[in-house]
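Colleague: Structure incoming, see below.
The values are calculated or read from the model by the stated rules, or taken from the named source; none is laboratory data. Model, not experiment: these values are computed from the prediction. Positions of Cβ are generated from backbone atoms using ideal geometry, with glycine treated the same way; all protein chains shown enter the neighbour counts. We work out accessible area using only protein heavy atoms, side chains counted, and drop any ligands, DNA or RNA first. Shrake-Rupley method; radii C 1.70, N 1.55, O 1.52, S 1.80 Å.
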Amino acid sequence: MALIIADRVKETTTTQGIGTVTLGGSKSFSSAIGEGNTTYYCIQNESSFEIGLGTFSSGTLSRDTVIKSSNSDGKISITGVALVFSVVPSSKLIYKDANGDFVLTGDVNI
């Protein structure tokens, strides 16, 4: 199982509640992330959101670790139709600031 980061991965789900989400129709996660791999995701459901790390398997995305959410950083309860898409959480980034200096967030292991 590898961590896969991919651009422009977006599907819908009509899965209700806080469990594993069944992705709707498109092959975005299947072709971009691949079976058994993990990825960072965002679920947007009306004004609620959840950013986390999940595993793609057989057309579903498990919600293994919630990094940030509108529900006190816990899983949101999905109602109706929600968008599920790939993201890179800001807490996981290394980037250059306006002065060209690298900025590291979170723990650094070498």
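Colleague: Could you look at the chain and say what percent of its accessible area is carbon and sulfur, using a 1.4 Å probe and all protein chains?
Modeller: Answer for the chain: carbon and sulfur cover 51 percent of the accessible area.
Colleague: Given the -39500 (n - 2.57) contribution per DSSP H run of 4+ residues, what per-residue ellipticity at 222 nm results for the chain, rounded to the nearest 500 deg cm²/dmol? Before the final figure, lay out the partial values.
Modeller: Values: 1 runs with 5 residues, N = 110.
Calculated mean residue ellipticity at 222 nm is -1000 deg cm²/dmol.
Colleague: If you wrap a convex hull around the C-alpha atoms of region 48-110 and split its volume per residue, what is the figure in Å³?
Modeller: Details: hull volume 8.7 nm³, N = 63.
Output value, Cα hull per residue: 139 Å³.
Colleague: Determine the per residue accessible area of the chain with all protein chains present and a 1.4 angstrom probe, expressed in square angstrom.
Modeller: I get 60 Å² per residue for this part.
Colleague: Here is a follow-up. Give the lysines reachable from Lys75 as a straight Cα distance under 29 Å; neighbours fewer than 8 places away on the same chain don't count.
Modeller: Lys10, Lys27, Lys92
Colleague: Moving on to the next point. Convex hull over the Cα atoms of the chain, averaged projected area in nm²?
Modeller: Averaging across all directions leaves 8.0 nm² for the Cα convex hull.
Colleague: OK, next. Looking at region 1-97, which GluC sites (Glu not before Pro) are in a loop (DSSP not H, G, I, E or B) and have at most 15 other Cβ atoms within 10 Å?
Modeller: Listed in order of number, the matching sites are Glu35, Glu46.
Colleague: Loop-only check: which trypsin sites (Lys or Arg not before Pro) in region 1-105 are DSSP coil with at most 16 other Cβ within 10 angstrom?
Modeller: Values: sites: Arg8, Lys10, Lys27, Arg63, Lys68, Lys75, Lys92, Lys96; in loops: Arg8, Lys27, Arg63, Lys75.
Here the sparse-neighbourhood loop sites are Arg8, Lys27, Lys75.
Colleague: Of Ser30, Ser91, Tyr40, which is farthest towards the positive pole of the chain's charge dipole, taken about the Cα centre with +1 and -1 on the beta-carbons of Lys, Arg and Asp, Glu respectively?
Modeller: My answer, from the dipole projection, is Ser30.
Colleague: To continue, here is another question. Run the quick spin-label model on Ser72 and Asn109: label points 7 Å from Cα toward the beta carbon, then report their separation in nm to one decimal.
Modeller: Each label point lies 7 Å from its Cα, and together they span 2.9 nm.
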